[in-house]
Amino acid sequence: MTKTAPAAGFVRRLAGTLHRRPRLQLSLLLTAPLTWLVLAYLGSLSALFLSAFWTTDSFTSSVVKVWNTDNFTTLFQSDVYRQVALRSVGVALAVTALCAVIAFPVAFYTARIAKPRWRPLLVVAILTPLWASYLVKAYAWRLILAEGGLLDWLLGPLGLDGPGYGLTATVLVLTYLWLPYMILPIHAGLEQLPDNLLDASADLGARTGRTFRSVVLPMLLPSIAAGSVFTFSLSLGDYIAVQIVGGKTQLIGNLIYSNITLDLPLAAALGTVPVLIIVGYLLAVRRTGALSSL
């Protein structure tokens with residue numbers, strides 16, 4: 001008893017100190033995750049950025065820690081890298097736009113039309129594809145889009161052919177992969193949409209299209225922007241889907257992957273491009289209030 005008494009007293013004093021100082025308590029709780037964030041995430045990004053200023057020995061392919069800006073000069077002066085970067089941004093924007101167009105009617109049904117008892121089950125059904133393996137889904141689409149595959153079989157009676165492998169296939173597969181990330185924020189936004197606003201719009205004589213443009217869409221913009229953060233960033237950095245269904249298409253993700261063993265500093269310089277694009281996108285989206293909807 002005499003040995004445990006000092007320890008118990010120390011614990012009581014510590015508990016009393018933390019109770020009187022909530023900021024100290026919050027600081028202690030956040031120390032571990034913030035340390036992990038700084039070391040693992042920001043530290044790795046810093047190492048990536050620093051290694052982009054190194055070079056590679058052309059004979060041994062080993063990294064030479066000599067500071068220069070040759071890698072960034074190569075990126076800005078090469079037409080190939082500029083085209084790949086613009087193509088990657090275009091694919092990410094196309095995927096985001098398609099996800100928004102497809103997600104709205106799905107989310108509207110799950111949030112406003114379906115019976116309340118079915119809504120949780122529908123949300124689970126939307127989330128179910130996320131539980132499946134990425135590679136399983138990507139290779140399933142490879143079989144669907146293959147020549148003589150399921151899509152060709154379905155379009156054959158109409159005299160049409162599937163897109164095959166290429167840029168269109170990449171956009172379709174990425175849209176399928178990231179669609180749930182767009183549906184869920186829009187579903188949440190529609191659930192929070194007051195019914196009396198829709199009733200008031202109808203009472204004032206607004207038709208469905210006018211109500212959507214003037215009432216629904218402005219209130220859903222933060223939710224759409226929140227979903228776009230996921231669809232845009234995930235599409236911009238993806239490199240597996242384009243390798244599976246992209247054919248000869250080159251995006252910035254698989255360029256980084258192909259250079260990671262041949263020219264690490266150049267791959268690091270390439271890796272800073274999507275980081276900068278995503279940071280700029282986040283700053284633009286922040287104005288819509290979307291980050292508070294994540």
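Computed with the Debye formula from one identical point scatterer per Cα of region 41-87, without solvent, the log10 of I(q)/I(0) at q = 0.13, 0.32 Å⁻¹ comes to -0.39, -1.01. GNM on the chain, alpha-carbon springs under 10 angstrom: the most fluctuating residue among 175, 261, 110 is 261. Semi-axes of the equivalent ellipsoid for region 155-228, computed as √(5λ) from the eigenvalues of its C-alpha gyration tensor and ordered from largest down, come to 35, 18, 9 Å. At q = 0.33 Å⁻¹ the log10 of I(q)/I(0) for region 135-180 amounts to -1.17, computed by Debye summation with a single uniform scatterer per C-alpha, solvent ignored. Residues whose amide H comes within less than 5 Å of that of residue 247, counting only those at least five positions distant or on another chain, are 166 (H built at 1.01 Å from N in the peptide plane).
Given axes a ≥ b ≥ c from the Cα gyration tensor, I'd like to know whether region 72-187 is rounded (a/c under 1.5), prolate (a/b larger than b/c) or oblate. Here region 72-187 falls in the oblate category. For region 219-283, the C-alpha radius of gyration divided by 2.2 N^0.38 Å, with N the number of residues, is 1.30.
What the phi angles of region 33-41 give under the Karplus curve with 6.51, -1.76 and 1.60, with θ = phi - 60°, is a coupling list of x, 5, 5, 4, 4, 5, 6, 7, 9 Hz, glycine and proline written as x. Computed on region 134-258, with alpha-carbon pairs under 8 angstrom and 6+ residues apart, the relative contact order is 32 percent. Just to check, using Stokes-Einstein with a Kirkwood Rh over alpha carbon pairs, what's the diffusion coefficient of region 53-126 at 10 °C and 1.306 mPa s in µm²/s? Result for D is 94 µm²/s. Identify all aspartates and glutamates with a Cα-Cα distance to residue 115 below 13 Å; exclude those on the same chain that are fewer than 8 residues away in sequence. Here the aspartates and glutamates satisfying the reach criterion relative to residue 115 are 191.
Can you work out the Karplus-derived ³J(HN,Hα) for every residue in region 93-105? Use 6.51 cos²θ - 1.76 cosθ + 1.60 with θ = phi - 60°, whole Hz, and x for glycine or proline. With coefficients 6.51, -1.76 and 1.60, one gets 5, 5, 4, 5, 5, 5, 4, 5, 5, 6, 6, 4, x Hz.
Helix-only arithmetic for the chain: the sum of -39500 (n - 2.57) across DSSP H runs with n ≥ 4, divided by the residue total, places the mean residue ellipticity at 222 nm at -22500 deg cm²/dmol.
Close amide-amide hydrogen proximity is noted between residue 55 and 64, 66, each under 5 Å apart and 5 or more residues distant or on a separate chain (H modeled in the peptide plane; Pro and chain starts excluded). For region 141-157, putting each phi into the Karplus relation 6.51 cos²θ - 1.76 cosθ + 1.60 with θ = phi - 60° gives couplings of 5, 4, 5, 5, 8, 5, 5, x, x, 4, 5, 5, 5, 6, 8, x, x Hz, in residue order, rounded to whole numbers and with x for Gly and Pro. One compactness figure for the chain is 1.33, namely its Cα radius of gyration divided by 2.2 N^0.38 Å.
Once you keep just the Cα pairs under 8 angstrom separated by 6 or more residues, what percentage relative contact order results for the chain?
The normalised contact order for the chain reaches 25 percent.
Using Cβ point charges alone (K and R +1, D and E -1), the dipole size of the chain about the Cα centre works out to roughly 1500 debye. With unit charges on the beta carbons (Lys and Arg positive, Asp and Glu negative) and the dipole taken about the Cα centre of the chain, which residue among 216, 75, 101 sits farthest to the positive side? It is 216, whose Cα lies furthest towards the positive end.
Geometric descriptor of region 195-254, per residue, is 114 Å³ (volume of the convex hull of the Cα atoms). Of the residues 43, 232, 63, the one whose Cα sits farthest towards the positive end of the charge dipole of the chain is 43 (charges of +1 on Lys and Arg Cβ, -1 on Asp and Glu Cβ, taken about the Cα centre). Could you give me D for region 184-294, from Stokes-Einstein at 20 °C and 1.002 mPa s, where the hydrodynamic radius is the Kirkwood radius over C-alpha pairs? Units µm² s⁻¹, please. Once the numbers are plugged in, D ends up at 128 µm²/s. Please identify the longest segment of the chain free of exposed trypsin sites (Lys or Arg not before Pro), where exposed means a DSSP state other than H, G, I, E or B and no more than 15 other Cβ atoms within 10 Å. Maximal segment without exposed cleavage sites: 118-206.
Quick note: the coordinates plus some simple rules give every number you see, no bench work behind them. Since the model is a prediction, treat every value here as computed from it, not as a measurement. For neighbour counting, all protein chains shown are included, and Cβ atoms are generated from backbone atoms with ideal geometry for every residue, glycine included.
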